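Here's the structure, in structure tokens; my notes come after.
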Amino acid sequence: MITNDIKYVGVNDHEIDLFEGQYIVPNGMAYNSYVILDEKIAVMDSVDEKFGTEWLANIEKVVEGRTPDYLIVQHMEPDHSANIRLFTEKYPEATVVGNMQTFRMMDQFYQVDENVKRQIVKNGEELNLGKHVLSFVFAPMVHWPEVMMTYDQTDKVFFSADAFGKFGALDVQEDWACEARRYYIGIVGKYGAQVQNLLKQVAELNIQVICPLHGPILSENLEYYLDKYQIWSSYGVESEGVLIAYTSVYGNTKKAVELLAKKLEEKGCPKVVVADLAREDMAECVEDGFRYGKIVLATTTYNGEIFPFMKTFIDCLVERNYQNKTIGLIENGTWAPTANKIMLGMFEKCKNIDFLNTSVTIKSALSDDSMEAIEKMAEELMAK
Ligand code: FEO
């Protein structure tokens, strides 16, 4: 129960291997759905395809013999929309509520029966359920174009679609920020401007409870979550420290990275995170790339390019609108080291990137010269 009239009817998924086809979710995933009980009954979103029967049974339990009047579709990504058809077959009298784009996508994905009642709403429009008045807050590109969120003016509950969601099923206890950050940066990270726009709208509302489509219902200390979203969407520095992301073929680049980490720690750097891009979860590394204000990238020249995992890592940063950071570069090459130049070029279109004056070139293995350059790099990072 979320309030007297709002009930949870979502499901936990522990069968999933990769969320959205790419993110590992060791603690599973929750697909949240809610029922608002009033003179009219509204169901907020459906759940992933595999859980249609469980979801309908959850709804049946809370409506106690009544029939839902509305299915409000806030987001058309299939983890939330896959059972729309099942719902309309079970409750043919119900009206599906969405916007123009929602229904366009619904027809593309599911070819919903043309006899199903559709109510097309506009941004700011209200829907009266009796005691509860809902208003729709459009949030285009957070992170799909049709996304809309819903504010229950009566209970002061904000149904936030994917925003404020996280990886992880609800029957597993874990820290919110870690998996919410990995989720946000991975899935929504590119759309900081749109999230900023949403936050401005949210600031106008008196919100007591946030009901996202993934992760726990948030009812305490909402400032904490709003503050995280403010930092993430403005590409701000969330934690002081340095991320050193590297690839290493024979261990020589790794030795350089370990030396830099040691020097930073000796100089009192508040946090040094070292990430082996070939072995660690890429989404976790990308998340840290956004979390810290300073990053060092260390890789080898490879096939006239850079080592594949570093290439992927930088692509993941750049395509998410990477900005406002300080970057240091370390390259290793035995005959024609060009990795630093290539890495620098990959950030060409990023805004507010400050490259360190010191870059490091290793020829095969650490030498006195390269060790000296690492010392200089550590000093420069500390001075920034
Ligand atoms: Fe949870 Fe964007 O789907």
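The values are calculated or read from the model by the stated rules, or taken from the named source; none is laboratory data. Model, not experiment: these values are computed from the prediction. Using ideal geometry, Cβ is built from the backbone for each residue, glycine included, and neighbour counts are taken over all protein chains shown.
Y31 meets all of the listed conditions (1) within 13 Å of the ligand (Cβ to nearest atom); (2) surrounded by fewer than 17 Cβ atoms within 10 Å (Cβ to Cβ); (3) on the phi < 0 side of the Ramachandran plot but one, namely (2).
When L56, L71 are checked against the criterion of being over 30 Å from Y184 (Cβ atoms) and crowded, with 18+ Cβ neighbours inside 10 Å, L56 stands alone in meeting it.
Scanning the stretch 337-353 for residues that are in a loop (DSSP other than H, G, I, E, B) and either touching a Gly at 6+ places or on another chain (Cβ under 8 Å) or within 20 Å of E258 (Cβ to Cβ) (or both) returns P337, T338.
If you go through the stretch 222-230 one residue at a time, do you hit one that is in contact with a strand residue (DSSP E or B) (Cβ under 9 Å, 6 or more places away or on another chain), of a type outside the set (S, T, Y) and touching a residue at least 60 places away in the same chain (Cβ under 8 Å)? Looking for residues that are in contact with a strand residue (DSSP E or B) (Cβ under 9 Å, 6 or more places away or on another chain), of a type outside the set (S, T, Y) and touching a residue at least 60 places away in the same chain (Cβ under 8 Å), one finds none in the stretch 222-230, hence no.
Of all residues in the stretch 330-355, those that are touching a Ser or Thr at 6+ places or on another chain (Cβ under 9 Å), closer than 22 Å to A383 by Cβ and surrounded by fewer than 19 Cβ atoms within 10 Å (Cβ to Cβ) total 4. Return the residues of the stretch 184-223 that are assigned to a helix (DSSP H, G or I), surrounded by fewer than 19 Cβ atoms within 10 Å (Cβ to Cβ) and within 16 Å of the ligand (Cβ to nearest atom); say none if nothing qualifies. Scanning the stretch 184-223 gives K190, Q194.
Let's see how each residue does on (1) within 30 Å of E238 (Cα to Cα); (2) crowded, with 17+ Cβ neighbours inside 10 Å; (3) at pLDDT 95 or above:
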residue: P92; (1), (2), (3): no, no, yes
residue: M106; (1), (2), (3): no, yes, yes
residue: F109; (1), (2), (3): no, no, yes
residue: A139; (1), (2), (3): yes, yes, yes
residue: V142; (1), (2), (3): yes, yes, yes
residue: F164; (1), (2), (3): yes, yes, yes
residue: R182; (1), (2), (3): yes, yes, yes
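Taking the criterion of being of a type in the set (S, T, Y) and either surrounded by 18 or more Cβ atoms within 10 Å (Cβ to Cβ) or touching a helix residue (DSSP H, G or I) at 6+ places or on another chain (Cβ under 8 Å) (or both), the residues of the stretch 356-369 that qualify are T358, S359, T361, S364.
Just need a number here: residues in the stretch 2-46 that are under 19 Å from S219 (Cβ atoms), touching a Gly at 6+ places or on another chain (Cβ under 8 Å) and of a type in the set (S, T, Y). Of the residues in that region, 2 qualify. Under the condition of being within 21 Å of D315 (Cβ to Cβ) and of a type outside the set (V, I, T), the residues counted in the stretch 338-384 number 16. Only residues that are buried (at least 21 other Cβ atoms within 10 Å of the Cβ) and either more than 16 Å from the ligand (Cβ to nearest atom) or assigned to a loop (DSSP other than H, G, I, E, B) (or both) were counted across the stretch 147-162, and they come to 8. Checking each residue of the stretch 97-109 against the condition of being at positive phi and touching a strand residue (DSSP E or B) at 6+ places or on another chain (Cβ under 7 Å) gives no match.
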